[in-house]
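None of the figures in this text is laboratory data; all of them are computed from the coordinates on show. Small disclaimer: the values here were computed from a predicted structure and weren't measured. Here the Cβ positions follow ideal geometry from the backbone for every residue, glycine too, while neighbour counts run over all protein chains shown.
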């Protein structure tokens, strides 16, 4: 069932949700709650997840918009899938979960190329300049970056793979990398370059200077190559630089809107630094402070940015203050700690890369709130950070 979730997750929101809910229902039917509790109780990530959700629940007490607060809580309840998925995850099936995800991403990539070369008709929100049929570029490119990392892991670190498999994986690394830069998702592209740096540092763990030098060269060469050869990438870079250097005259632009939202949000944070304004109260407070700062709400794209500043840290600080930010960061801390203490190379590598890459892209959007990227994070976390040995020992003990 987890394999089906992995396969349909990049293809359709309904498909990913359907199999996730089906797993939940199977758990409800078959659950031994006492046993399940003991299997999960010592997992630090599960504790961190419940603390993060607890902040959302408690902060409903001081929100001025309970309806929006309940909606926000509902959006984050998907994190409960981490412990549920963990109960179903099996160590021997991990490679199949990843294979299902990579197969699905390969199909998405082929479809994207088909649209780009006008071999296939436009579908969904795809255009010739942004050929992504099944997602928006906001979510597609982060998915691609994760897929490229997983493929690279199998090429660089998994020595059990045959030469043919490594050649096949290398082929898709190249084609997915090119696909990344014929679409318009800048956050995913930044994530891609960060992913390259992470890979190099993981390949040379004992030589930081060498890793820094090689990763700098790789990023410089790849970014220059794509800048020269990809019109959409070069245009997006030029526009971003222009907007960033003179955002006051580009307040309706993607970058200008984010900066304006951050400035307005900072005023809210300064007045509510410790516990924030409450779950879901971002919009109410944002509009209030926009009036104080004489900031035109027409700037914010039909009000989209009044719901979400496109920055996970700002959104968390506004709603939950420093306590909420610490709860958010604690989740990532536990992931990194579990990974660094693991005896399995797979966990040590992917378990470090996943939180680092998400910590980066959350500067440009609230990617744990965004459904598809949030569910991807949850899905991978469920089988990477599970303590399979402790689970095995407990089950053997109960059988006796």
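In terms of other Cβ atoms within 10 Å, 340, 72, 255 run from fewest to most in the order 340, 255, 72. In terms of surrounding Cβ atoms within a 10 Å radius of their Cβ, 395, 283 rank from fewest to most as 395, 283. Using alpha carbons only, the radius of gyration of the stretch 84-171 set against its Kirkwood radius gives Rg/Rh = 1.05. Rg then Dmax, both in Å and based on the Cα atoms of the stretch 166-222: 12.4, 36.
Comparing Cα centroids, the stretch 253-269 and the stretch 191-251 end up 24 angstrom apart. Computed from the Cβ-Cβ distance with R0 of 60 Å, the FRET efficiency linking residue 37 to residue 228 stands at 0.60.
Peptide packing for 110-119, 272-281 was compared via the average number of neighbouring C-beta atoms within 10 Å per residue; ordered from the highest value, the list is 272-281, 110-119. In the chain, the DSSP-assigned H stretches of four residues or longer account for a calculated mean residue ellipticity at 222 nm of -23500 deg cm²/dmol, using -39500 (n - 2.57) per stretch and the full residue count as denominator.
Residue separation of residue 218 and residue 266 scaled by 0.36 nm, minus their Cα-Cα distance, works out to 13.7 nm of gained length.
Computed on the Cα atoms alone, the convex hull of the chain gives a volume of 158 cubic angstrom per residue. The order of 191, 1, 369, 312, going from fewest to most other C-beta atoms within 10 Å of their C-beta, is 1, 369, 312, 191. At full extension, residue 288 and residue 1 could sit 98.7 nm farther apart than now, given 0.36 nm per residue minus the alpha carbon distance. Modelled label positions at residue 159 and residue 343, each set 7 Å beyond Cα in the direction of Cβ, lie 1.8 nm from each other. Approximating the spin labels as points 7 Å out from Cα along Cα→Cβ, the residue 240-to-residue 204 distance works out to 2.5 nm.
Placing a label point 7 Å from the Cα of residue 175 along the Cα-to-Cβ direction, the residues of the stretch 96-112 with a backbone N closer than 20 Å are 98-112. The calculated FRET efficiency for the pair residue 259 and residue 22, based on their C-beta separation and a Förster distance of 41 Å, comes to about 0.45. In units of the compact-protein estimate 2.2 N^0.38 Å, the stretch 106-232 shows a Cα radius of gyration of 1.11. Applying 1/(1 + (r/R0)^6) with r as the Cβ-Cβ distance of residue 60 and residue 322 and R0 = 25 angstrom yields a FRET efficiency of 0.85. Principal axis extents of the Cα atoms in the stretch 179-263, from largest to smallest and rounded to whole angstrom, are 46, 31, 18. The convex hull built on the alpha-carbon positions of the stretch 1-141 has an orientation-averaged projected area of 11.2 nm². Rg and Dmax, both from the Cα atoms of the stretch 82-134 and both in Å, are 15.9, 44.
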